[in-house]
Amino acid sequence: PRPFAYRNRTLHCDGADISALAEDHGTPLYVYSAEQISARFQLFEEAFKGQPHTICYAVKANSSLAILRLLALQGAGFDIVSGGELERVRKAHKAALTKVVFSGVGKQVWEIDAALKANILLFNVESEAELYLLAARAEALRIRARFALRVNPDVFADTHPYISTGLSEHKFGIDINQARAIYRKAGKSKWLDAAGVSVHIGSQIRKVDPFAAATARVTALISDLKKDGHNIRYIDAGGGLGIDYGTTAFNPAQQVQKYAAALSKGLAAESSHLIIEPGRFIVAQAGALLTRVLFVKKNGSKTFVITDAGMNDLIRPSLYHAHHEILPIKQPRTAAPSITADIVGPVCESGDFFARDRVLAAVKPGDLVLILDAGAYGMSLTSNYNSRPRPAEVLIDEATVKLIRRRETMRDLLAPEVL
Ligand code: LLP
């Protein structure tokens, strides 16, 4: 069941009345359901229980410490892409550091050093130059580095071009045809442990066939690498399983099962420990952005609903033309009048919109609306553009409301600056 639903004609998140949240914490406000996050994580655990696996939640999707801790306590590992994300994992649940995989095309010395010292599980290395830097740092620190080459399988996944990564024209990974030679060179360094192979083809991928294709290519490579004498123990299949941002019926459990079936098809008889890096699928639908209508205005033939949240609080519609459902907090009567409007923020950009030409129940200034499916790549992509403080975040956990991040203040906003 979706966590956000009407009860007594008012939207609730699990047990909590959302209009009360606005009173207590102000708007814009991110609201998350702990129950939904756990349930989604467990879908993956369930689907992969027949084989050795680690589910490394992609921290970038939502890096809130409280959410990381919630997942760590259920046994999650983490996929990180920066020294900052490493520090978040350390702070959320130190013991989870040994279940961290480190991806990203631009790792720096200080980040590599911090991750080596933290004894993370695996470096997902994205270029030959990065591999030699890793070897040098491992030698300097006298810590052997477990690595996987992130290969680029040249597999097409149908998603927005900004979040597709598995084609040779993308900056990600190492050409799969060159991988074997690079592993051979790496085998000469005693500071490098060629422990696995990884792949990630993109994000918000709705059809599972590309996952099977990419995994099959990696499986073939692993068999060659084993013939070459490498002790490969891990296969990291990346993240990317998409959700439904619309209103059509969507069965998450079935989707995860299909995904698991596609991966096993690609894996065939390969028995390495499987790592996956889901982000969006776990947190997107557990979160929503609550915002208040400031004004309703007309320009020519168009109606604009102006909210107190803007593109700095949720950039997905502006950046990818992403669709997010928007619901009024008070459930409209069936005969209630509707309007066709652009829902826009206060930021000084025409690209600052949440929806265009959207039909919704007539709203007036002061009304609250909820932007759904904002739990992934919402808060983690916020900025202070237009000198707007970032929103607060609450986590609904068994009907108790936990403030997990307070609203930024003017003092926070100006703190780093020197005059
Ligand atoms: N692993 C790697 C190496 C990644 O680059 C990503 C996402 C993931 C895992 C997690 O993918 P997911 O399961 O969440 O699809 N800001 C965009 C999405 C960017 C995805 C970046 N990489 C959006 O809002 O749609």
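Miscellaneous remarks
- Applying the criterion of at least 2 residues that are β-branched (Val, Ile, Thr) and within 13 Å of the ligand (Cβ to nearest atom) to the strands (runs of 3 or more DSSP E) found wholly in the stretch 262-322 leaves 273-276.
- Applying the condition of being under 30 Å from residue 366 (Cα atoms) and within 16 Å of the ligand (Cβ to nearest atom) to the stretch 21-68 and asking which residue is surrounded by the fewest Cβ atoms within 10 Å (Cβ to Cβ) yields 64.
- Comparison of 201, 205 shows that the only residue that is in contact with a Ser or Thr (Cβ under 7 Å, 6 or more places away or on another chain), within 16 Å of the ligand (Cβ to nearest atom) and more than 20 Å from residue 106 (Cα to Cα) is 205.
- Some residue of the stretch 227-242 being closer than 30 Å to residue 360 by Cβ, in a loop (DSSP other than H, G, I, E, B), at pLDDT 95 or above and near the ligand (Cβ under 10 Å from one of its atoms): yes
- Checked against the criteria, residue 126 counts as surrounded by 22 or more Cβ atoms within 10 Å (Cβ to Cβ) and either out of contact with any His (no Cβ under 6 Å at 6 or more places or on another chain) or within 25 Å of residue 151 (Cβ to Cβ) (or both).
- With respect to the stated conditions, residue 307 fails to be polar (S, T, N, Q) and at pLDDT below 95.
- Extreme residue, farthest from residue 62 (Cα to Cα), among residues of the stretch 78-109 that are of a type in the set (S, T, N, Q) and exposed (fewer than 13 other Cβ atoms within 10 Å of the Cβ): 108
The values are calculated or read from the model by the stated rules, or taken from the named source; none is laboratory data. Computed from a predicted model, the values in this text were never measured in an experiment. Positions of Cβ are backbone-derived with ideal geometry, glycine not excepted, and every protein chain shown enters the neighbour counts.
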